[in-house]
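Working notes, beginning with the structure itself.
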2 protein chains.
Amino acid sequence: MPDDASPRPTQPRREREVARWDLDADVVVVGLGCAGACAAVEAAEAGARVLVLEQAAAGGGTSALSGGLIYLGGGTPVQKACGYDDTPEEMFKFLLYGSGPGADEPKVRLYCERSVEHFHWLEAHGVPFKRSFYPEPSMEAPTDDCLVFCGGEDTHPYNTIARPAPRGHKPQAPRAAGGFLMQRLLAAVERAGARLECDIGARTLVLDGTDRVAGLIALRDGQEQAVRARRGVVLSAGGFILDAEMVAQHCPALARCGWKLSSGHDDGTALRMGLGAGAAAIHMDAGEVALGLTPPRRLVRGVLVNGQGQRFINEDAYYGRIAQASIYRQGGEMYWIHDDDTYEVNDLGMEASWVADSIAELEREVGLPDGALQATLELYNRHAARAVDPLFHKGAQFLKPLDRPPFGCIDLRAQTRDYATFTLGGLRTRPGGEVLTADADPIPGLFAAGRTASGLAAFGYSSGISLGDGSFFGRLAGRSAARG
Amino acid sequence: MPDDASPRPTQPRREREVARWDLDADVVVVGLGCAGACAAVEAAEAGARVLVLEQAAAGGGTSALSGGLIYLGGGTPVQKACGYDDTPEEMFKFLLYGSGPGADEPKVRLYCERSVEHFHWLEAHGVPFKRSFYPEPSMEAPTDDCLVFCGGEDTHPYNTIARPAPRGHKPQAPRAAGGFLMQRLLAAVERAGARLECDIGARTLVLDGTDRVAGLIALRDGQEQAVRARRGVVLSAGGFILDAEMVAQHCPALARCGWKLSSGHDDGTALRMGLGAGAAAIHMDAGEVALGLTPPRRLVRGVLVNGQGQRFINEDAYYGRIAQASIYRQGGEMYWIHDDDTYEVNDLGMEASWVADSIAELEREVGLPDGALQATLELYNRHAARAVDPLFHKGAQFLKPLDRPPFGCIDLRAQTRDYATFTLGGLRTRPGGEVLTADADPIPGLFAAGRTASGLAAFGYSSGISLGDGSFFGRLAGRSAARG
């Protein structure tokens, strides 16, 4: 956060107040994560002189800390090689429903129609994908394998909306590939001829006499730098999860999450710069929330309950959905019930906090309402014995009565586990990256992508969406900015 | 909504572009509902020349359509006369918790500390309150009685947070008193000497060379009118529930509600005018949602369940909480289960859509998951027989096993009932009404109150909050604007 003497992001400077330009480019990209890198590459390839400003000492941003999954589909070479028959239309049906309510239909449609092209673009720019499938869903493979289910496509209700296909594509590197992805993209930025300045933080936009964005004011070593952008500025500097006041004003539920996913600069400055130039911010209540429950996947045979001992979701759902439901709808109260058959310690080392010889005893020990957990499990077990789950439609392969003592409960409350989160709301943009006012008018010279913008996920999230829409719409924003 | 040739609310005019001022005042108030009226009175009483612009043919706005309840407390004369011992501190504890998460603590505190003064101000300005209590909670009395519980203060969890007191104050008029309230406030506006222009819609702000608000552009008979505001503009023109696009971008859950509470002009124009001048909008996901389930109150003995046949709230909660929970957390799926003892047709004529001789049969007829409603009622009945509700803490007086056939289910799904709604998000303001940027800087010359601003209710709502914070913070905004 800038101190009080610094320029205020929401108070754009007037061009007439700029004595001289310290730096000059056609396109100025603010923030060198995934979205900024792709914007810079496209703008430079389109012939623009590109200057990238990065607040940190090097590029990478929060993208480099990620697992590296990119949501791609519609029939990518990896999907085909692994025997999955996906189409843009099936991908669209899933994403429109799964990203809502309130998802931006034209954005979702364009993303799905061009997803295969985007896959090839990534490969052409140095990001390889192994033609292989990894069966453990929801997260990147620990190997260099590529394809995973990462949004619960094969679980209820999504499997009733669209034909399931795995669409999480991890670049070919072991384990978390976000760092690898960004290495490759940063190399592409360099190859494209974009100029990179690090340790320089954009602070507020500069508007000309017609309210067109003409550049920006940045701070380097405490000194103001006036940066001219002859064709456009692309804001791609992440979200606002580190700004506690903005979180309280827009998405207070996320304050329950202990783990703010950020490389240290997601303080909403770029978003406020856009607001200062007249942009609208939308879907500001939305946040990604994750809690890694599996692997191993067998744990899904347990049952998740809230503070009233009630189930509230199918346990085979994408764990981002589960954690989001816990934080937004259950006040962060979640317990994971197992019997002797289903219990094991997951890869993150989550152990049972309570163990008992009967469900009644477990209920008492956990402090759930008298009889509530018993009623929940009686109903669940009766159905599970017939391999059905009429309440939440958990997949039959995970249904088994919890009837083998001892019973255990893994405490998943927000007060005891660090739910991982980042914000999804941001500047309103057209698919081409043009930043819009609340009247849907574009702000000349201003573009945004990545978590500074509201992207595909209006509320519902799947793994790989942020790198996916950041890279794809980052490219479009870079191209739009190069056109000016 | 203005057509394309009209000024865009988010594009403020520059003062140098204004050839001449058609109208001139010290303080210009935009919108003459409850907040605008109180702002106009205070500004005029402070010595300012006040001009009120109303888009409709007469003042009143959505406030005039309301039930007229005003949330007041801390020991008002009515509370005292009726034997209720309330304090500002107890009121504060309730409102801070009940208006959250994310409630604005300084605003809530000031409102509670000055609530008794505000009561006297209202009476001194022609709004009388009978010293009487009406026992049916949540809505205005059909008589001219005054005081009601209107936010579930005496129900769980609020009765564990603060000492319960009724705080809904209805002006002394039979049934819905919003029209009466506005008659009295409009008379006060006239007496104070404020000038009123009707059939004129404010469209965008005018900024001077220092970005101070200098006035606004309005439309009358399709012609632009430049309106000078020498000290300040107060935006008090309602919310944005009529703008389907804004609802989709900020609070898509509210699209499920069939009844948009508005006198016809809550299209977000005033809010967008503020955005155009650099204001921040906060808590934009929040909405009031109501469905009148009682009177008679005896109906509370029934049980509310979601689409999984599970309870999700104490049925004696304020019905605004119930409807909000249904729309935001249960996808608008809600069913009301009764037995022969508890069933009756409520004052709104809601009848059972399904009737059966057993719960199992009722469950099948409604189409709830096999065994789910039976499990819910078995647990509920067992506890109700001992007058406890360990899951949701419904009050003992409403607990009775549902065991007398026939059983009935009243369909309360959003697809079959018109949930009433309006938006709660709006411009970020200081308690004094100063409109703030996302950097918390005031925008010189700009003030807001009522549903154009984010007020007391960050998310949680009680009846009487909108007239309450509209009138109270409207007064403060008027006074601040008069100071300039």
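The values are calculated or read from the model by the stated rules, or taken from the named source; none is laboratory data. For clarity, every value in this text was computed on a predicted model and none was experimentally measured. Note that each Cβ is placed from the backbone with ideal geometry, even for glycine, and that neighbours are counted across all protein chains shown. Side chains are part of the model used for accessible areas, which takes the heavy atoms of the whole protein and leaves out ligands, DNA and RNA. Shrake-Rupley method; radii C 1.70, N 1.55, O 1.52, S 1.80 Å.
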Among the candidates B:GLU140, B:GLU117, B:GLU105, which residue alone is open to solvent by 20 Å² or more (accessible area, probe 1.4 Å) and modelled with pLDDT under 95? B:GLU140
Being more than 14 Å from chain B (Cβ to nearest Cβ) and surrounded by fewer than 20 Cβ atoms within 10 Å (Cβ to Cβ) is true for just one of A:ALA187, A:ALA194, A:ALA229, A:ALA214. Which residue is that? A:ALA187
Here is a check on your reading of the model: is A:LEU32 surrounded by 24 or more Cβ atoms within 10 Å (Cβ to Cβ), at pLDDT 95 or above and closer than 30 Å to B:ILE443 by Cβ? no
Could you list, in sequence order, the residues of the range B:67-104 that are closer than 22 Å to B:HIS156 by Cα and part of a helix (DSSP H, G or I)? B:GLN79, B:PRO88, B:GLU89, B:GLU90, B:MET91, B:PHE92, B:LYS93, B:PHE94, B:LEU95, B:LEU96, B:TYR97, B:GLY98
Flag if A:GLY59 is open to solvent by 10 Å² or more (accessible area, probe 1.4 Å), in contact with a Leu (Cβ under 7 Å, 6 or more places away or on another chain) and assigned to a loop (DSSP other than H, G, I, E, B): yes
Filter result for B:LEU110 (within 14 Å of chain A (Cβ to nearest Cβ), of a type outside the set (S, T, N, Q) and not in a loop (DSSP other than H, G, I, E, B)): no
Scan the range B:419-447 for residues that are more than 14 Å from chain A (Cβ to nearest Cβ) and either farther than 20 Å from B:GLY332 by Cβ or modelled with pLDDT under 95 (or both) and report the count. 6
Could you count how many residues in the range B:448-484 are assigned to a loop (DSSP other than H, G, I, E, B), more than 14 Å from chain A (Cβ to nearest Cβ) and in contact with a His (Cβ under 8 Å, 6 or more places away or on another chain)? 1
Give B:LEU65, B:LEU51 a once-over and let me know the one that is closer than 28 Å to B:LEU242 by Cα and either within 14 Å of another protein chain (Cβ to nearest Cβ) or open to solvent by less than 30 Å² (accessible area, probe 1.4 Å) (or both). B:LEU51
Of the residues in the range A:406-442, how many are part of a strand (DSSP E or B) and over 19 Å from the mean Cα position of the chain (by Cα)? 9
What pairs can you find where one residue is in the range A:175-197 and in contact (Cβ under 8 Å) with a residue 12 or more places away in the chain, the other is assigned to a helix (DSSP H, G or I) and surrounded by fewer than 19 Cβ atoms within 10 Å (Cβ to Cβ), and their Cβ atoms are less than 7 Å apart, with a gap of 6+ or different chains? A:GLY178/A:LEU65
Of all residues being touching a strand residue (DSSP E or B) at 6+ places or on another chain (Cβ under 9 Å) and within 30 Å of A:ASP439 (Cα to Cα) in the range A:281-312, which is nearest to the other protein chains (Cβ to nearest Cβ)? Just the residue, please. A:ILE282
For the condition in a loop (DSSP other than H, G, I, E, B), at positive phi and open to solvent by less than 10 Å² (accessible area, probe 1.4 Å), what is the one hit in A:GLY239, A:GLY264, A:GLY309? A:GLY309
Among (1) at the interface with another protein chain (Cβ under 8 Å from one of its Cβ atoms); (2) on the phi < 0 side of the Ramachandran plot; (3) surrounded by 24 or more Cβ atoms within 10 Å (Cβ to Cβ), where does A:ALA270 come up short? (1)
Give just the number: which of (1) crowded, with 17+ Cβ neighbours inside 10 Å; (2) farther than 30 Å from A:HIS250 by Cβ; (3) of a type in the set (Asp, Glu); (4) modelled with pLDDT of 95 or more does B:GLU90 not satisfy? (2)
Every residue in the range A:444-475 that is surrounded by fewer than 24 Cβ atoms within 10 Å (Cβ to Cβ) and either closer than 23 Å to A:LEU216 by Cβ or polar (S, T, N, Q) (or both), please. A:PRO444
On the basis of being surrounded by fewer than 24 Cβ atoms within 10 Å (Cβ to Cβ), of a type in the set (S, T, N, Q), over 21 Å from A:CYS38 (Cβ atoms) and modelled with pLDDT of 95 or more, does A:GLN172 make the cut? no
Report yes if B:TYR343 is out of contact with any strand residue (DSSP E or B) (no Cβ under 6 Å at 6 or more places or on another chain), modelled with pLDDT of 95 or more and aromatic (Phe, Trp, Tyr), otherwise no. no
